[in-house]
Amino acid sequence: MYKSIIIGTGPAGYTAAIYLARANMNPLIIEGMQPGGQLTTTTEIENFPGFEQGILGPELMDNMRKQAERFGAEFTSGWVEEVDFSKRPFKVKVEGKGIIEAESVIIATGASAKYLGIPGEQDNVGRGVSTCATCDGFFFRGKKIIVVGGGDSAMEEASFLTRFASSVTLVHRRDELRASKIMQDRARENEKVHWALNRTPLEVVTGETGLKGLKVHNNETNQDELIEADGVFVAIGHTPNTGFLNGQIHTDEHGYIEVKPGTTETNIPGVFACGDVQDNRYRQAITAAGTGCMAAMDCEKYLEGSSVHDWSESLDQ
Ligand code: NAP
């Protein structure tokens, strides 16, 4: 029985772990398939305060993990298959580890990259289709690449991929970009980046020798066209990782966990949420870390106030 289990290891989960470990709560942190979370797939982080020259995403995450470990946080890895929050102690079932019980749970499972859902896409993941420029850009040295999306992620990926690619074509379904001005300017100033705006992706097209390109609908001419490329990087946003909750925690229409405004409290007392899994608005490393701190403090307050008697009560009452 743990006082607290933290599910997820992005900046939110690690920060919650640092705070709880320093408060002698000996939290157990469950690392999923991607320890360190989304930041392990980014390059330089220039906007995390305290790093004047920037810091690499994986390095920042590694530092946070070590900091939590230094104060006694315990780690285990495995996929959380299901949870039971219907009564206390809460139960968390981890693949290969069985059921782990805790007095409180902090959910910091973040969000995962979205796919387009078009023919040819899933069949070619790892064979020319990717959602992670940092992971896969290296394989496209001297090749033609397409990046799909009009947000900051797409701008960042496009700029980054010009390090490897002979050219990067940015495909976006509208003629207006959603990305911030600074990110747009950076991509626009890059001579290797070409623009295919007003194009809706239809199909990832392959030939005998591999990926041929992306078939798109040109919304101006109303014609379909093939944009040739060796790789397609999809950068169209993220979906919160809440599937394992099986409806036990209230979420909004996009699946993001709802928390009581100004806190990290979910609809179930003793279960808290922090980071991107409950944030559809800011989605930054620093805001995730901030809410991780809030979750630890909310959790600590909850644990101080709860008793064994409370745990046996049904939460529905
Ligand atoms: P986003 O801002 O939600 O943008 C997603 C883009 O993908 C939009 O342009 C959207 O088109 C397009 N899209 C979505 N679904 C699509 C589909 N099915 N087919 C074609 N296009 C589709 O997501 P994001 O770029 O990942 O950014 C998320 C947050 O992280 C933002 O707050 C951003 O500022 C932040 N971020 C910051 C940095 C940085 O500062 N270094 C880097 C990356 C991300 P529409 O515009 O037509 O909806």
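The values are calculated or read from the model by the stated rules, or taken from the named source; none is laboratory data. If you're wondering where the values come from, they're calculated on a predicted model, not measured in any experiment. Note that we place each Cβ from the backbone using ideal geometry, even for glycine, and neighbour counts take in every protein chain shown. These accessible areas exclude ligands, DNA and RNA; they are computed on the full protein's heavy atoms, side chains included. Shrake-Rupley method; radii C 1.70, N 1.55, O 1.52, S 1.80 Å.
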Practice problem: Check whether at least one residue in region 88-99 is of a type outside the set (Phe, Trp, Tyr), in a strand (DSSP E or B) and touching a Gly at 6+ places or on another chain (Cβ under 9 Å), and report yes or no. | Solution: yes
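Yes or no, residue by residue, for (1) closer than 30 Å to Gly270 by Cβ; (2) over 19 Å from the mean Cα position of the chain (by Cα):
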{"residue": "Asp84", "(1), (2)": "yes, yes"}
{"residue": "Ala108", "(1), (2)": "yes, no"}
{"residue": "Val129", "(1), (2)": "no, no"}
{"residue": "Ala133", "(1), (2)": "no, no"}
Practice problem: Identify, by number, the condition in (1) assigned to a helix (DSSP H, G or I); (2) over 30 Å from Thr162 (Cα atoms); (3) open to solvent by 80 Å² or more (accessible area, probe 1.4 Å) that Ala12 doesn't meet. | Solution: (3)
Quiz item: Of the residues Asn246, Asn241, which single one is among the polar types (S, T, N, Q), open to solvent by 70 Å² or more (accessible area, probe 1.4 Å) and in contact (Cβ under 8 Å) with a residue 60 or more places away in the chain?
Solution: Asn246
Quiz item: For region 114-223, which helices (runs of 4 or more DSSP H) that fit wholly inside it have 1 or more residues that are of a type in the set (A, V, I, L, M, F, W, C) and touching a Phe, Trp or Tyr at 6+ places or on another chain (Cβ under 6 Å)?
Solution: 133-136
Exercise. Name, by its number, the condition in (1) surrounded by fewer than 16 Cβ atoms within 10 Å (Cβ to Cβ); (2) under 30 Å from Asn198 (Cβ atoms) that does not hold for Gly72.
Key: (2)
Self-check item: Subset of region 41-58 (residues that are without any contact (Cβ under 8 Å) to a residue 24 or more places away in the chain and either open to solvent by less than 40 Å² (accessible area, probe 1.4 Å) or away from the ligand (no atom under 16 Å from the Cβ) (or both))
Solution: Gly50, Glu52, Gly54, Ile55
Quiz item: Is region 196-211 home to any residue that is within 16 Å of the ligand (Cβ to nearest atom), out of contact with any helix residue (DSSP H, G or I) (no Cβ under 6 Å at 6 or more places or on another chain) and polar (S, T, N, Q)?
Solution: yes
Quiz item: When region 274-287 is examined, which residues are found to be open to solvent by less than 10 Å² (accessible area, probe 1.4 Å), outside any loop (DSSP other than H, G, I, E, B) and closer than 19 Å to Arg65 by Cα?
Solution: Gly275
Quiz item: Going by the conditions given, is Ile227 under 30 Å from Gly54 (Cβ atoms) and either open to solvent by 10 Å² or more (accessible area, probe 1.4 Å) or within 16 Å of the ligand (Cβ to nearest atom) (or both)?
Solution: no
Quiz item: All but one of (1) open to solvent by 30 Å² or more (accessible area, probe 1.4 Å); (2) outside any loop (DSSP other than H, G, I, E, B); (3) assigned by TED's automatic domain parsing to the domain that holds Leu211; (4) not hydrophobic (A, V, I, L, M, F, W, C) hold for Glu81; which doesn't?
Solution: (3)
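Look at region 235-270 and say how many of its residues are aliphatic (A, V, I, L, M) and under 18 Å from Ser86 (Cβ atoms).
Going through region 235-270 one residue at a time, the tally reaches 4.
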Practice problem: Please enumerate the residues belonging to region 126-183 that are open to solvent by less than 30 Å² (accessible area, probe 1.4 Å), near the ligand (Cβ under 10 Å from one of its atoms) and within 15 Å of Val234 (Cβ to Cβ). | Solution: Val148, Gly149, Gly150, Gly151, Ala154, Met155, Glu157, Val171, His172
Practice problem: Select from region 63-80 the residues that are modelled with pLDDT of 95 or more and closer than 26 Å to Gly237 by Cβ and list them in ascending order. | Solution: Met64, Val80
Quiz item: Yes or no: Thr251 away from the ligand (no atom under 16 Å from the Cβ), open to solvent by 30 Å² or more (accessible area, probe 1.4 Å), of a type outside the set (Phe, Trp, Tyr) and not assigned by TED's automatic domain parsing to the domain that holds Tyr19?
Solution: no
